[in-house]
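Notes for the one structure printed next.
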Amino acid sequence: MAIVGLWRRPFAPVVRDLAGHDRGWLAEIATAACGLPVITVSGVHDPVGLPGLVAEHDGERLGALTYRVGAGGIEVVTLNSLAEGRGIGSALLAGAQQVARLAGQRLWLIAGNENIRAIGCYQRRGMDMVALHRHFADQVRRVKPAVPGAAHAGITYRHAIEFEYPAPAAG
């Protein structure tokens, strides 16, 4: 076997708008990831009805991001990658950042305090930590009582951390 065949080949997913034919698939991956509905600091959401983006390669859907537009900017409601470490989440975030930039809005999202991998991911991609929503897990459990208390590396899920790409400066 050639050594070249052992290395990961370059990978650049194509990001496109979420279409009607993607909605059933989106419901499946969102349900598998965190269950529906999705609870954020802005409220309870059904991502299947939201605008969004899909990352794909050679016609295969590899991830999705949904968002809502509100008074506080454009909020990422869901971000799901089906192949971690391949740049899918990064491509979807870049696409959402472009949507926010064109709208002159900030792009923001939350991560649970126990989700160390997501927290690192957002910081490595230049997002700024701007707020701590203390005891957010209590709000989630009022809607979804089965949400576990401890998840990653023994860290208890209690709070939400808000990250943002600020709105573009007026020019």
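Since every read-out is calculated from the coordinates, none of them should be taken as a lab result. Note that the structure is a prediction, hence the values are computed from the model and not measured. In this analysis, Cβ positions are derived from the backbone assuming ideal geometry, glycine residues included, and neighbour counts consider all displayed protein chains.
What ranking do His57, His45 get, fewest neighbouring Cβ atoms within 10 angstrom at the top?
Ranking His57, His45 by Cβ neighbours within 10 Å, fewest first, gives His57, His45.
Under 15 Å from a point placed 7 Å out from the Cα of Glu60 along the Cα-to-Cβ direction: which residues of the stretch 14-31 have their backbone N that close?
14
Can you give the longest stretch of the chain with no exposed loop site, where a site means trypsin sites (Lys or Arg not before Pro) in a DSSP loop (not H, G, I, E or B) with at most 13 other C-beta atoms within 10 Å? Write down the numbers at each step before the final one.
On the way: sites that count: Arg8, Arg134.
In the chain, the maximal stretch lacking such sites is 9-133.
For a test of the definition: using alpha carbon positions, the gyration tensor, and the 1.5 limit on a/c, classify the stretch 11-165 as rounded, prolate or oblate. Could the numbers behind the result be given before it?
Values: a/c = 1.45, a/b = 1.33, b/c = 1.09.
Since a/c stays below 1.5, the shape of the stretch 11-165 is classed as rounded.
For a quick check: sort Trp25, Trp108 by the number of other beta carbons within 10 angstrom, fewest at the front.
Values: Trp25 14, Trp108 25.
Placing the least packed residue first, the sequence is Trp25, Trp108.
Can you give the local net charge around Leu109? Use residues other than it whose beta-carbon is closer than 10 angstrom to its beta-carbon, Lys and Arg +1, Asp and Glu -1. Could you put the intermediate results ahead of the total?
Working: positive: none; negative: Glu75, Glu162, Glu164.
Net charge around Leu109: -3.
Can you tell me the relative contact order of the stretch 11-165? Whole percent, Cα pairs under 8 Å, sequence separation 6 or more. Display every interim value, and only then the final one.
Numbers: 265 pairs, mean separation 30.3, N = 155.
Relative contact order here is 20 percent.
Relative to the first principal axis of the alpha-carbon coordinates of the chain, what is the inclination of helix 88-103, with its axis defined by its Cα atoms, in degrees from 0 to 90 and to the nearest 10?
Once rounded, the angle reads 70 degrees.
Explain nothing, just the number: dipole magnitude of the chain about its Cα centre with +1 on each Lys and Arg Cβ and -1 on each Asp and Glu Cβ, in debye rounded to the nearest 20.
Details: 17 positive and 14 negative charges, 54 e Å.
Using Cβ point charges on Lys, Arg, Asp and Glu, the chain gives about 260 debye.
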